[in-house]
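Here's the structure we're looking at; comments come further down.
The values are calculated or read from the model by the stated rules, or taken from the named source; none is laboratory data. Bear in mind the structure is a predicted one, so any value in this text is a computation, not a measurement. Note that we place each Cβ from the backbone using ideal geometry, even for glycine, and neighbour counts take in every protein chain shown. Each accessible area value is taken on the protein alone, full model and side chains, heavy atoms only, with ligands, DNA and RNA left out. Shrake-Rupley method; radii C 1.70, N 1.55, O 1.52, S 1.80 Å.
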Amino acid sequence: MEFRIERAGFAEAVGWAGRALPSRTPVPVLGGLLLAVSSGRLTVSGFDFEAAARIEVDAETGAAGEVLVPGRRLLDICRVLPDGPVSCSLEGARFTVEAGGTEFGLSTLPREEYPALPPQPAPYGSVDAAAFATAVGQVAVAAGRDETLPVLTGVQLRLDGESMTLSASDRYRYAVRRVGWKPEAAVGAAGAAEVAGVGAVVEALVPARRLLDAARSLARCGVVRVGLDTAAGGGLVGFEGGGMRSVVRLLDGRLPAYGSLFDMAGAAVAEVECGAFTEAVRRVAVVAEASSPVRLDFSAGGSVLLRAGYGDDVAAQRLPAVLSGAEEVTVAFNPAYLLDALNSFETGRLRLELIGTGQRALLSGVGGSDEGESGDGGDGGDGGDGGSHRHLLMSVKQLV
């Protein structure tokens, strides 16, 4: 095989497929990247049994063929290649990469031992790429990282008509975001046009880290087509856009319903300027120990006092705030969790529904892309979705 390609395109293709390389594996061939050349196209693929990444780019091709090369080594080579055209060729068991007078030789891995890549699931619908990347980023912060509880490490996708709802929870917080979704038109067995998902609700639990990686890397491709295969015994979800394709194995199970948790009847409501509030939390949290909370004292007088620390090592700042439904409310939060929630909002003002110390609090945006929307939240009948982006936090009982 032989091909020629610009350094930028080659590095991007190798970097995309390299996302699926395992950090460690007892199977040496899984550390490889599969390069395939045919008819003016170069395809680079990576696979680790849990996820596969594949990208096609234009290239000047000579002899067609395939080669499996050590992935990490090829990534390192791409980082140091000079700008300009890159020529690659396979001679026997040696793969050569040459650019700007610099030549690298790579030994190859046995192609026959490389597992077959999973097929791309049939398209189920499409979503705006930038909106999807934003939504995934907003909810993935709430996903758990404890691999002994795999269900909590996922982001749940719920497809209902023309709405996609994403949610994640690690038991201490629960984030939900809704975006517009366009079901895929398909031709049914009778030859009539059918729209996937209309009249049916589909749910899929996707590993949060894999989903975040795929969504971010596809953010600039305009539209992401999503494919689903929810067959029992290990389904797949596929993402495709701009010549890039990713397939991820689904997690078993589903997240607990959030409808009743998000019912904040009787709660006091506070509104603050989101940017200033976030900066104030970040500022006072500097003196907070790992297990020390940030305390928020809201008053109907039109302010909130933020405090953190103990003894002489303390910090405090007062900001304007509007409180309704109570004369005063005091809550305290884990500063890292609170900052994760605040940083996920893209809105000018923030609404906080507060019950009190040691109780849950619901954050939502006021205005902008996080503003509340009417309609059913799609939580199995457990309540409506009052906003396109909401983040539930448990406040701590210990006060500063």
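Observations
- When the chain is treated as a Gaussian network with alpha carbon springs shorter than 10 Å, the biggest mean-square fluctuation among 231, 131, 17 belongs to 231.
- Cα centroids of the range 204-236 and the range 114-149: 3 Å apart.
- The range 218-268: proportion of alpha-carbon pairs further apart than 13 angstrom, %: 69 percent
- For the range 1-38, applying the loop criterion from DSSP together with a ceiling of 15 other beta carbons within 10 Å to the trypsin sites (Lys or Arg not before Pro) yields 24.
- Accessible area per residue for the range 210-259, computed on protein heavy atoms with a 1.4 Å probe, is 43 Å².
- Remark on residue 161: its backbone amide H falls under 5 Å from those of 199, 200, a criterion applied only to residues 5 or more positions apart or on other chains, H modelled at 1.01 Å from N.
- Alpha-carbon Debye profile of the range 61-149, log10 I(q)/I(0) at 0.11, 0.12, 0.21 Å⁻¹: -0.63, -0.72, -1.00
- Using alpha carbons only, the radius of gyration of the range 236-309 set against its Kirkwood radius gives Rg/Rh = 1.20.
- Phi-based couplings in Hz for the range 261-269 (Karplus 6.51, -1.76, 1.60; Gly and Pro marked x): 5, 7, 7, 10, 4, x, 6, 6, 10
- Interchain or long-range residues, amide H under 5 Å from residue 367's placed H: 372
- Across the range 1-154, the volume of the C-alpha convex hull divided among the residues equals 152 Å³ per residue.
- Pairs of alpha carbons in the range 1-63 whose separation is greater than 17 Å (percent): 39 percent
- Solvent exposure of the range 1-139 as accessible area per residue, Å², 1.4 Å probe: 44 Å²
- For the range 195-299, the residue among 239, 206, 285 whose Cα projects farthest onto the positive side of the dipole built from Cβ charges is 239.
- Each pair of Cα atoms in the chain enters the Kirkwood radius, and Stokes-Einstein at 25 °C and 0.890 mPa s then converts it into a translational diffusion coefficient of 104 µm²/s.
- Amide H contacts under 5 Å for residue 250, placed H, 5+ residues apart: 235, 236, 237
- Across the range 322-372, Cα-Cα distances exceeding 12 Å account for 67% of all pairs.
- Per-atom-type breakdown for the chain gives carbon and sulfur 50% of the accessible area (1.4 Å probe, protein chains only).
- Modelled FRET efficiency - R0 22 Å, residue 147 with residue 343, Cβ distances, 0.05 increments: 0.35
- Applying the criteria of a DSSP loop state and at most 12 other Cβ atoms within 10 Å to the GluC sites (Glu not before Pro) of the range 272-369 yields 289, 327.
- For residue 223 and residue 257, the FRET efficiency from 1/(1 + (r/R0)^6), where r spans their Cβ atoms and R0 equals 30 Å, is about 0.50.
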